[in-house]
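The values are calculated or read from the model by the stated rules, or taken from the named source; none is laboratory data. Note that the coordinates shown come from a computational prediction; the quantities given were computed from them, not determined experimentally. Using ideal geometry, Cβ is built from the backbone for each residue, glycine included, and neighbour counts are taken over all protein chains shown.
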Amino acid sequence: MKLLRITAEGLPLFKEKLDLNFYAQQRVAEEHKNILYSLFSNIYLNSANGFIGINASGKTSVLKVTLLVLELLNNEPINHIETRDILGDSKEVKLNTYFFSRKTKEVCRLETIITAEKNKSEGIIYRIVSESLWTKSTDEVTTRKTMLDFEGREPAIIRSSQEEFLSDDVSIMIARNKKTKEYIRIVNLLKFTNVNILPFFEDIPAEVITFLDPTIESLHFDEKDKKQIIHLKFKGKEEIILNNPVELNNYLSSGTVKGMITFTLAQEVLKSGGYIVVDEVENHFNKEIVTTLMRFFIDSKLNKNGGTLIFSTHYPELLDEYDRNDSIFITRNRNGITVENLSNILKRNDIKKSDAYQSGFLEGTTPTYEAYMQLKKSIARGIVMIYTVKRIEEDLDFGCEERPKGMPVMAIVTLMNSSGEEIKIKAEDAMLYECNINEGDKVCFDVNNKLEKVALPN
């Protein structure tokens, strides 16, 4: 199964209906076909989808929704899904999931309505109160516009109250998947955003190791007395024996460990045609490593089974790796999370995406000017240098001329820092008088490099 579109209504953190399209919505030129995955006819998938936004814009929340939907399609009970907390305590959440079935060559729409119930012993419990599945053959699909239109069609499967055998938090997809033998390989790396511990005890491909750290000669695992043993050897060094994967962090950089996790699991996803979801993909990685990962998924010759990378990032330069706009999503949080596909904002693919993002043209993608100035002032206060006014003297240096007409009366102010070093500056005498700055006072320079009096605590 391949995701085409997700819509979600009723999610407490979202300002409006969430709408995510994973298929190519812009015109597919001939030169772009090698960076997309062909489903059928003129329908293509974006194999690397990026969500970008400033801190607290909702990127992780969007990834959680995506993972929830994927697990739901995979027969996982909602109350067992790690990202179910995104549902909150909503009275009703309506999910519409559009997907393509490889086995049946059908485009499908699954509508799932979920409610939350508070339980004193177990907390919030979720259950599915209504669910329907619609299908249509790909032979009926003539355009992208009509592909996801199921108006007037009767559902192929309807959740029935008579289905006592079906758990109330398991999707009716379980019946379809049993028949079609479909399963999605899902790799959830959200837990590894800030944690670097190998989650497996399997040998890592030598090519991955060399790419990440060429000083490593070998790294492999074996078992002794039912305990996992790690063998690590650097070139020209003695072999190191470790008993716990946590110990690897003492010898390898955080980027190397995260890279081993990500690239090893990515290889499996590329092979199976599944999904890998990475939050803050740039954490512990340099730009080249991140772009390498993206290029693997974008390369249709390598990614023959349509493996899909879904990631979030703060790094606008990554956007320039894309030749298209429709695989990039902008997240914002203005009293609620919103998500907008970049293709709806930038109609042309040739505009440098990072510039558009950083300039504020996309709106809500950069901190506000007011927030910037407040931060600047706060930092300035934190590193301010305090001076003592030692002397204030009138500036009489006009050469052989008198003070030019209209020129303000200036003063030479001698300042002394805490180390006893003196500096002399010129300041308007009227400003000194207005600010009540006198000899012996404590002063500093503000963010505009103007002298201001420091109020000392009593």
query = If you go through region 131-139 one residue at a time, do you hit one that is closer than 24 Å to PRO155 by Cα, of a type in the set (Lys, Arg), modelled with pLDDT of 95 or more and surrounded by 16 or more Cβ atoms within 10 Å (Cβ to Cβ)?
reply = no
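Residue under question is GLU122, and the condition is that it be buried (at least 19 other Cβ atoms within 10 Å of the Cβ), among the charged types (D, E, K, R) and farther than 16 Å from LEU70 by Cβ; does it hold?
On the way: buried (at least 19 other Cβ atoms within 10 Å of the Cβ): no; among the charged types (D, E, K, R): yes; farther than 16 Å from LEU70 by Cβ: yes.
In short, no.
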ask   = TYR433 passes all but one of (1) assigned to a loop (DSSP other than H, G, I, E, B); (2) modelled with pLDDT of 85 or more; which number fails?
value = (1)
note = Here the residues within region 1-50 that are over 19 Å from GLY306 (Cα atoms) and of a type in the set (Phe, Trp, Tyr) are PHE14
query = Out of all the residues in region 140-158, which are modelled with pLDDT under 85 and among the β-branched types (Val, Ile, Thr)?
reply = THR142, THR143
query = If you take the residues in region 96-128 that are among the basic types (Lys, Arg) and more than 11 Å from ASN79 (Cβ to Cβ), which one is nearest to the chain's Cα centre (by Cα)?
reply = ARG109
inquiry  = Restricting to region 159-196, name every residue that is at pLDDT below 90 and of a type in the set (Phe, Trp, Tyr).
reply    = PHE165, PHE192
task = Identify all residues within region 268-287 that are assigned to a helix (DSSP H, G or I), under 17 Å from ASN49 (Cα atoms) and in contact (Cβ under 8 Å) with a residue 40 or more places away in the chain; write none if there are none.
result = VAL269
query = Taking into account only those residues within region 14-37 that are surrounded by fewer than 20 Cβ atoms within 10 Å (Cβ to Cβ) and of a type in the set (A, V, I, L, M, F, W, C), which is farthest from LEU68 (Cα to Cα)?
reply = ALA29
task = Might you check whether a residue that is surrounded by 22 or more Cβ atoms within 10 Å (Cβ to Cβ), part of a helix (DSSP H, G or I), in the same structural domain as GLY336 (by TED's automatic domain parsing) and in contact (Cβ under 8 Å) with a residue 12 or more places away in the chain occurs anywhere in region 86-93?
result = yes
inquiry  = For region 140-182: of the residues being in contact (Cβ under 8 Å) with a residue 24 or more places away in the chain and among the charged types (D, E, K, R), which is surrounded by the fewest Cβ atoms within 10 Å (Cβ to Cβ)?
reply    = LYS181
inquiry  = I'd like to check something: does region 142-164 contain any residue that is aliphatic (A, V, I, L, M), more than 22 Å from LEU20 (Cα to Cα) and in a loop (DSSP other than H, G, I, E, B)?
reply    = yes
task = Read through the list (1) of a type outside the set (Lys, Arg); (2) at positive phi; (3) surrounded by 13 or more Cβ atoms within 10 Å (Cβ to Cβ), then give the number of the only condition that MET294 fails.
result = (2)
